[in-house]
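Structure first, then comments.
The values are calculated or read from the model by the stated rules, or taken from the named source; none is laboratory data. Because the structure is predicted, anything quoted here is derived from the model rather than measured. Counting neighbours? That spans all protein chains shown, and the Cβs are built from the backbone with ideal geometry, glycine included. With ligands, DNA and RNA removed, areas are computed over all heavy atoms of the protein, side chains included. Shrake-Rupley method; radii C 1.70, N 1.55, O 1.52, S 1.80 Å.
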Amino acid sequence: MAAIPGFLHLYTSKDFFTISLVQVLAAWTSVAVSNYASPSISLMTRSVGSLRLFCLVFSVLCFTLIRIKSRIKLTAFQVIKLIIMVFGSAAIFHVIAILFGASISEQSEETFYWALLMSHLVILPACSLLGAQLDLIPRIFFSTWSDATPEAYFQCSIIFTLIGTWLGAFPIPLDWDRPWQVWPIPCVIGAIVGYIVGLVISTVTFALNEERFRPR
């Protein structure tokens, strides 16, 4: 296994707390703006407009705030690469949604913006901190907690985001006839809740084990 760059170990539990805090702030601000900024737009009434607004606000806040804590400089080319990775990941999530039963011809716009939201939650934070690298996601999923790297930190939030959106799909086919059961609303709610829960668990775990994680 390749050696881990030394500066990656300079992230402390305090750094991870701050990074988690700004992500939660970005998420909740995006939720508030995308549901309450305009009386005509909310996730329940106009999900496409709401998700579009969420992604716009979250991308600006998350990228800007996380870059403050990053120890990696991004060139203009790398920023463009990051944008391509976000939209490329959205295309993959879109295909996954179709494979799991989302309609190709109906509600395609809703599916696209759900996929874009997933890409923002899963790809954007890690790439903003660690750089737009194609091997970043495999590194995150194959990292271990004992490494105490930022990759291991992001692993929990990504996994819980995926679990949250998967659990959110369960109420959709039930005949309760509730407005929040319409695709992709419950999956969006599940993804955001899972994302925040994952951040909390990851932050607490690193804080409680900082001495063990600190490199010798």
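Tabulated data
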{"read-out": "Surface accessible to a 1.4 Å probe, VAL79 within the full protein complex, Å²", "value": "50"}
{"read-out": "Accessible area (Å², per residue) of the range 85-193, counting only protein heavy atoms and a probe of 1.4 Å", "value": "45"}
{"read-out": "Accessible-area composition of the chain, carbon plus sulfur, in percent [1.4 Å probe]", "value": "71"}
{"read-out": "Separation in nanometres of the label points that stand 7 Å from Cα toward Cβ, at PHE170 and ALA207", "value": "2.9"}
{"read-out": "Net charge, LEU21 excluded, C-beta distance under 12 Å - Lys, Arg +1, Asp, Glu -1", "value": "+1"}
{"read-out": "Virtual spin-label span in nm between LEU99 and PHE141, 7 Å along Cα→Cβ", "value": "1.0"}
{"read-out": "Stretchable slack from ALA37 to VAL197, in nm (0.36 nm times residue separation minus alpha-carbon distance)", "value": "55.1 nm"}
{"read-out": "List GLU106, GLU151, ordered by accessible area with a 1.4 Å probe, largest first", "value": "GLU106, GLU151"}
{"read-out": "Trypsin sites (Lys or Arg not before Pro) within the range 1-109, DSSP loop, no more than 12 other Cβ atoms inside 10 Å", "value": "LYS73"}
{"read-out": "Longest site-free stretch - the chain; sites: chymotrypsin sites (Phe, Trp or Tyr not before Pro), DSSP loop, at most 15 other Cβ within 10 Å", "value": "1-99"}
